[in-house]
Amino acid sequence: TLVIGQESWLNESTVDYSKYERIRVALAAPNFTSLTKSEVLDFRKRYINKYGVLPTEYAATGYEFIMVLGKIITKYGVNFLQTMPVGEYVEGVLMQGFELSALRDNERVPFVMLKNGQLKTVNYLDK
């Protein structure tokens with residue numbers, strides 16, 4: 001059995017997260033950042049040094065947006081919506097990245113699952 005949910009379920013303080021692992025809950029998590037990724041650790045360190053507090057989700061999302069947009073504009077120019085091919089993937093810095101869909105949305109939505117008490121990105125769902 002596999003249950004599909006959304007990352008906001010992680011904000012639910014009344015849930016025992018071990019149950020998510022036991023019943024195999026996969027969460028759509030477009031804003032997921034792995035705390036073991038060196039770029040995330042570096043971003044957090046620089047943010048704390050500058051502002052004296054941990055970065056909020058908004059700070060991380062804003063940083064990611066600007067970094068990915070910079071990569072896209074560098075490669076495709078300011079008219080990137082006309083020049084960037086549909087399906088083109090641009091790797092993220094803190095998060096998964098961006099894949100342009102025909103509707104001009106990000107088609108890349110990572111899923112995370114708890115494995116051994118840690119949130120891990122899954123590119124496919126094990127049977």
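Structure notes:
- Only one of 12, 57, 64 that is more than 13 Å from residue 111 (Cα to Cα), charged (D, E, K, R) and surrounded by 15 or more Cβ atoms within 10 Å (Cβ to Cβ): 64
- Which listed residue, of 106, 116, 79, 123, is open to solvent by 70 Å² or more (accessible area, probe 1.4 Å), at pLDDT below 85 and not aromatic (Phe, Trp, Tyr): 123
- Restricted to the stretch 15-36, and to residues there that are of a type outside the set (A, V, I, L, M, F, W, C) and closer than 19 Å to residue 60 by Cβ, the residue that is surrounded by the fewest Cβ atoms within 10 Å (Cβ to Cβ) is 36.
- Residues considered: 46, 24. Of these, the only one that is of a type in the set (Lys, Arg) and touching a residue at least 24 places away in the same chain (Cβ under 8 Å) is 24.
- Annotation note: of 95, 113, the sole residue that is in a loop (DSSP other than H, G, I, E, B) and touching a residue at least 24 places away in the same chain (Cβ under 8 Å) is 95.
- Those residues of the stretch 6-37 which are in a helix (DSSP H, G or I) and more than 17 Å from the chain's Cα centre (by Cα), in sequence order: 17, 18, 19, 20, 21, 22
The values are calculated or read from the model by the stated rules, or taken from the named source; none is laboratory data. In this text the structure is predicted, and so the values were computed from the model without any measurement. We place every Cβ from the backbone using ideal geometry, glycine too, and count neighbours over all the protein chains shown. Heavy atoms of the whole protein, side chains included, go into the accessibility calculation; ligands, DNA and RNA do not. Shrake-Rupley method; radii C 1.70, N 1.55, O 1.52, S 1.80 Å.
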